[in-house]
1. For peptide A:216-223, what's the mean number of Cβ atoms from other chains within 10 Å of each residue's Cβ?
2. When only Cα pairs under 8 Å and 6 or more residues apart are kept, what is the percent relative contact order across the range A:121-253?
3. Step through the residues of the range A:340-350 one at a time and calculate ³J(HN,Hα) from phi using the Karplus curve (6.51 cos²θ - 1.76 cosθ + 1.60, θ = phi - 60°), rounding each to whole Hz and writing x for Gly and Pro.
4. Using only alpha carbon pairs under 8 Å that are at least six residues apart, calculate the relative contact order of chain A and give it in whole percent.
5. How would you classify the range B:384-462 from its alpha-carbon gyration tensor, with a ≥ b ≥ c the square roots of the eigenvalues: rounded for a/c under 1.5, else prolate if a/b is greater than b/c, otherwise oblate?
6. Under a plain spin-label model, where a point goes 7 Å from the Cα along Cα-to-Cβ, how far apart in nm are B:ARG77 and B:GLU385?
7. Can you find, among B:GLY360, A:PRO245, B:ASN111, the residue sitting farthest towards the positive end of the charge dipole of the protein assembly as shown, where Lys and Arg contribute +1 and Asp and Glu -1 at Cβ?
8. Sequence-distant or interchain residues sharing an amide H contact under 5 Å with A:TYR340, placed H: which?
Amino acid sequence: MIAHDIVVVGGGPAGMAAAVAAYDRGVNDVVILDREETMGGILRQCVHNGFGLHKLGRELTGPEYAAHYAAEVKKRGIRTLSETMVTSITPDLLVTATSTRGIQKIQARAVILAMGCRERARGALNICGTRPAGVYSAGTAQKLVNCEGYLVGKRVVILGSGDIGLIMARRMTLEGAKVAAVCEILPYSGGLKRNIVQCLEDYHIPLYLSTTVSEIHGNERLEGVTIAQVDENRRPKPETARFIPCDTLLLSCGLIPENELSRAAGVAIDRRTGGAAVDQFRQTSVPGIYACGNVLQVHDLVDYVSDEAEIAGRAAAARVLEEAPTGETVETEPGSGLRYVLPQRVMKTEEPVDLFLRVTRPFGKLKFVVKAGERVLATASRPVASPGEMERLRIPAGALTDGVEKIVVELEEEA
Amino acid sequence: MRYDVVIAGCGVIGAMTARELSRYDLKVCVLEKENDVSMGSSRANSGIIHGGYDPVPGTLKAEMNVKGVPLLYEAARELNVPHRQNGSMVCAFGAEEESAIKALYERGMKNGVKGLRLLKGAQARELEPSLSDKLTAALLVPNGGIISPYELTVAAIGNAMDNGVELKRNFEICRVIQEGDGFAVQSTDQEVVRGRIFVNAAGAFTDHIAKMLHDCDFTIIPRGGEYMILDKEVGNTVSRTIFQVPTKEGKGILVCPTAHGNLMTGPTAAEVPTTESRETTREGLDTVARLAKKSVPSVDFSKVITSFAGVRSSVAGGDFIIRLSKKVPGLIHLAAIDSPGLTSCVAIARRAVELAEQAGLKLTLKEGWDGTRPDPEAFRKMTDEEKDHFIKEHPDYGHIVCRCEGVSEGEIRAAVRTNPGALDVDGVKRRTRSGMGRCQGGFCGPYVMRLISEETGTPLEEITKCGGASRMICGGRIGEGAVK
């Protein structure tokens, strides 16, 4: 067994930014474990641009954004172990990892979870029909085209208008495939507005809202799908069903934080986010285990992943240096119209606290009100809000006084 | 060359028959029309070892089921197939169903099933706390179990091959003729295989094969069954196999853990258009969910990771057809093997060997026959220390390819190299579980394709999901095959 101050699980954008921040906060003994051949995580297959505008003030591709952080990691001499898969973490921070070198046990003083997320698969969507080749999650097709150099098919239907699906609609088109349709079961898209414009509208790819794939056809390779509009309970309306011939169905129907390791370590999971319940320092319910990036909550932009990872990295370092703040914590709660609020609990300190949240459906002009009982801690108005765009609110410094017992974020629609 | 025995079909019946025959000094060849074994009913079924209370006393089903249970447990141990004697329970809701399970109890006693017990609702819930409050009584079947049916088939034919049996895949029989005192079997690719005894174990196609020899007095009626598999996270919702009272359609919707620790629910029972129908339907899956909740209300269908449909090869009358042809010497029919066919497979295979002997086959025990097969999960069962040593000798076992199920590169390569080697993505999945977890191959799919390509020398573009035209890639290489 060996010992390290901080073990970071996952070397994607979250893991790398957390490691860098921990180092800069004063802990040199940081190691990043990643299961892939090189650091970078899913960014390695995201060859499109649009990364880094907020964080680095430059527009980069995914691999470039990853390379920026990989260089920062290298510059500091932070150790990285690739093709190393963490198989367990105990509540007392013993990390077990498997690699071609054998089974390694590492005793950590703090662990940062940065394992990312996975795509919802066909089975979970319960689409009926046959099980031919040609049904891929959008990210798998993206890896095959961008990393392996193979186009999975020539005539494509995409189910789900999440950002990966939108990006892949454009990518497949640019490589010569015909994208016949993008179907979204909801009455609105879950993707970023800019992706709908730049990936669908610019290429005249039709987006069918309130529409789903109701059946998959073909015995060996996919031969086509039945698409149908859905009723208010999201059930296909048979009278609207129509067949679209295609050899490929890409699924972009949501991302699920990958928390199997966290659960096994005893980390409490918030059902709303699918990630750990954390405080504003991104510490989970297990002392010394922190979480950041898409394993904590699914983000829209990698820039915000890096921000969040820095919070976790600094906090983990503070713990190792025995400088972590202590104090009473209070719970947060999403009011009506909000899917979740993160952090799920807040330690009362003098510092301002940023809350991250998502709405349940598109809203017009509205106001977020952060309340403790009847007391208003903060308000923020927005011209619009949509589930696809994460919102950030700030509780100002000094607002969390003794009387505060619970923080509720409410949404008020404005005429 | 002429084989002593040619077997049509490598489902569990064909595979197990091959294994039983491999004990003797015989030349045996198994013909399979698909790219892999276990591609029909043996792939998609409930994977249940049935206690033997259900078949009507005096039928072949009753006899084979009761004889088959201990034989199957023994074979599963020898072959290292994942299985568990978890026991079963048949649930009754109300007086009418209570008398139905009483009748099953009596039938079971007549069939010679040991250990059956009738329980009150509360007693049943004590054993299985997730059972519905509305349950009034249950039949407890201690010898019932669960087994991975496709791994059993793979292991049986693999062991038979290790003992000298030949397997020909992608051999779709289009013609069988009597030739001298034997048979000539021709494939759609014009290959001919000759044999003295011909075993018709073609599952859903047994009537089709029988017709080729003008000896068909039965018609297979394909009946579909739809299932849903749930995440291991909810795999312990029940510990036993929970049945409902059987009807003439089938054994009802069951809820059970699988041999690998997932939760399974299904099957529906509906006649389907063809023996190759594999579609799940909205109505079917809804029915599964609704009826599963009747026995076990807490089944969490938000945890479904996949659904599938299988086909039972039934006949009117309902009993197994296990016999020598009256018209064609040397022809053995093993047909209409629907439930409890899996449970009965070893008993049926042994009966087939007896029939072959009756048909004039001379049986001499083979020297050096080995009925065991190395455990494909041996690595996963090691302690961390053992794994560490093993990886130092075999580094590719330290490279985890399938993160959900924890499958290493070494195990995937072994699945391609070990009899009967996997040739496609689904074949690797059935042998290693790579791609069977919650991401359903989203992450490991491209790696698995690359490993199969390396091991078999097949170019990546030609790797299939399940043989035939099921290519994983059909848009070509970037910059070359792309459409302009």
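1. 4
2. In percent, rounded to a whole number, it is 33.
3. Whole-Hz 3J(HN,Hα) from phi for the range A:340-350: 7, 10, 10, x, 7, 8, 10, 7, 6, 10, 7.
4. RCO, chain A: 16 percent.
5. Because a/c hits 1.5 or more and a/b fails to exceed b/c, the range B:384-462 counts as oblate.
6. Spacing of the two 7 Å Cα→Cβ label points: 2.8 nm.
7. The listed residue farthest towards the positive side: B:GLY360.
8. Long-range HN contacts for A:TYR340: A:ARG358.
Read the figures in this text as sums done on the coordinates, not as results from a lab. Only a predicted model underlies this, so the values are computations on that prediction, with no experimental measurement involved. We place every Cβ from the backbone using ideal geometry, glycine too, and count neighbours over all the protein chains shown.
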